[in-house]
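Nothing in this text is a laboratory measurement; each read-out follows from the coordinates by a stated rule. Remember, it's a predicted structure, so these values are computed and weren't measured experimentally. When we count neighbours, we look across all protein chains shown, and the Cβ atoms used for this are built from the backbone with ideal geometry, even at glycine.
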Amino acid sequence: MEKTTAEKKQRLTELKESYETVKKNPLQLNLKRGVPGKNQLQLSEPMLTVLTPEDLYEETTADFRNYGILTGIPEAKQFFSEVLGTAPEEVIVGGNSSLQLMYMVLASKLFLGQPDRKSAWSQEEQIKFLCPSPGYDRHFNVTEKLGFELIPIPMTDTGPDMDEVERLTASDASIKGIWCVPVYSNPTGTTYSDEVVERLASMKTLAEDFTIMWDNAYVVHHLTETKDEVKNLLDTCKKYGTEKRAWMFCSTSKITFPGAGVAALASSKENIEWFTEILSDQTIGFDKVNQKRHVKFLKNKAHLMKHMEKHAVLLQPKFHKIDTLLSEYFKDDNILEWTVPNGGYFVHLTTQEGCATQIVEALAAIGVSVTEANSSYPYSTNPKDNSIRLAPTSIPVEEVEEAVQMICLCAEMVTLEKELQSNK
Ligand code: PMP
């Protein structure tokens, strides 16, 4: 039953009292960035000692200690081709960061030009990029700083709103591409449907060099028995003769060690040739010792999936805790909606409109840090002010519990206060 105004005021007073009590002894909880916990990093410690000198030069005429082998050692290409679902020749294995590979691809298209046309994007007056939102803030930063105008595209339960994507790409040649996190999307946990993949591959684009940045950062990062899979973009594009638009990425950042992992990209043969040429001016070869170390440790896709199950055992309780606490606290009202992802690293909260910024500020004042409100939108601008991202992986489950209790308190307090103010 709906509370009376007097009851609501009373409830707000109680909430404020609880809040002030916590404020006197602030907490120290950080749910800002999606980084693995220490116990997850420990899972890969045996990798540090798997290599022997012979691994690096004996089996092959190539010497992995030396310069060269620019596009990656053969066994690493084989490994990532299994992960990304392509042929080994369609893969380039890079350094430790997939984000850097993404930046390199876009900067190359911008300044040096495409394999399929002469002029570089920088020659054009206006360039734009589609940004499904909520999305990954670092993606948006890359394209913003490279000079693209960012166009937000609403996210649905099955991926970006394809009616909107098709309408825009068919009518505006300055739209050069789209960011996609197709599996367990950051931050909503959405996995793209087959229909969305088909439409991305087959849609007409006025820009002949349209680019799909397919960041499969969470492709093997399942949390439950329901293992989401996405239709293969490169294969689907081949069906429509659009394979040059498909640029797929992944890395072992959240498989082994972020910062000391291995990243890879896959694309059409023609794109790979073009990008290899460009890479050759930037490096004489990536860290092949680390590539070998990773392949020796992770072996193949089947073995990798076993390794990922160990991550899931450590992570799943944290996500489960968030869902159970929020379900219990908000069972009778519509103050908050939250995602319950099958994988990935995030939970996304949708607050009532106009409340997210204040909730995040209220949390910060009692020592609970979450990513800035609405930072999952281009330019951090979300007219609804209703988006909060939680990254619970790096802290122990007891701290997740404490943080969620504070989120419940602050979300109810801010929402109720706003409601009472607007009723005045
Ligand atoms: N893509 C997405 C969607 C991510 O969430 C992250 C890390 N938070 C990255 C890329 C970064 O990947 P890498 O460490 O390979 O640069």
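Helix-only arithmetic for the chain: the sum of -39500 (n - 2.57) across DSSP H runs with n ≥ 4, divided by the residue total, places the mean residue ellipticity at 222 nm at -13000 deg cm²/dmol. Here the spin labels are modelled as points 7 Å beyond Cα on the Cα-Cβ line, and at L51 and K299 they lie 2.1 nm apart. Taking N as the residue count of the chain, its C-alpha radius of gyration divided by 2.2 N^0.38 Å amounts to 1.06. Placing unit charges on the Cβ atoms only, positive for Lys and Arg and negative for Asp and Glu, gives the range 49-299 a dipole magnitude near 340 debye about its Cα centre. At the listed q of 0.15, 0.19, 0.20 Å⁻¹, the Debye profile of the range 344-424, built from one uniform point per Cα, gives log10 I(q)/I(0) equal to -0.52, -0.81, -0.89.
Distance from the alpha carbon centroid of the range 248-283 to that of the range 316-365 works out to 35 angstrom. Projection of the Cα convex hull of the range 49-299, averaged over all directions and equal to a quarter of that hull's surface, yields 13.3 nm². The charge dipole of the range 279-411, taken about its Cα centre with unit charges on the Cβ atoms of Lys, Arg (+1), Asp and Glu (-1) only, comes to about 1220 debye.
In the chain, a dipole from Cβ-located charges (positive for Lys and Arg, negative for Asp and Glu) runs towards its positive end, and of L233, G177, I69 it is I69 whose Cα lies farthest in that direction. Put a plus charge on the Cβ of each Lys and Arg, a minus charge on the Cβ of each Asp and Glu, and nothing anywhere else: the dipole of the chain about its Cα centre is then about 560 debye. In plain terms, the chain from R33 to R11 could stretch by 4.6 nm, reckoned as 0.36 nm per residue minus the Cα-Cα distance. Among the listed pairs K384/K418; K109/K254; K77/K109; K288/K310, those whose Cα-Cα separation exceeds 19 Å are K109/K254; K77/K109; K288/K310. Hydrophobic, long helices, defined as DSSP H runs whose alpha-carbon span along the helix axis is 18 Å or greater and whose mean Kyte-Doolittle value is at least -0.5, occur in the chain at 98-111, 301-329, 397-422. Sorted largest first, the principal axis extents computed over the alpha-carbon atoms of the range 123-252 equal 48, 32, 26 Å. Each peptide among 378-386, 69-77 gets the average number of other Cβ atoms lying within 10 Å of its residues, and from highest to lowest they stand as 69-77, 378-386.
Taking the charge dipole of the chain about its Cα centre, with +1 at Lys and Arg Cβ atoms and -1 at Asp and Glu Cβ atoms, the residue from A373, Q40, M203 reaching farthest to the positive side is Q40. Taking the DSSP beta bridges with both ends in the chain, the antiparallel portion is around 45 percent. DSSP finds beta bridges in the range 49-299, and of those with both partners inside it, around 35 percent are antiparallel.
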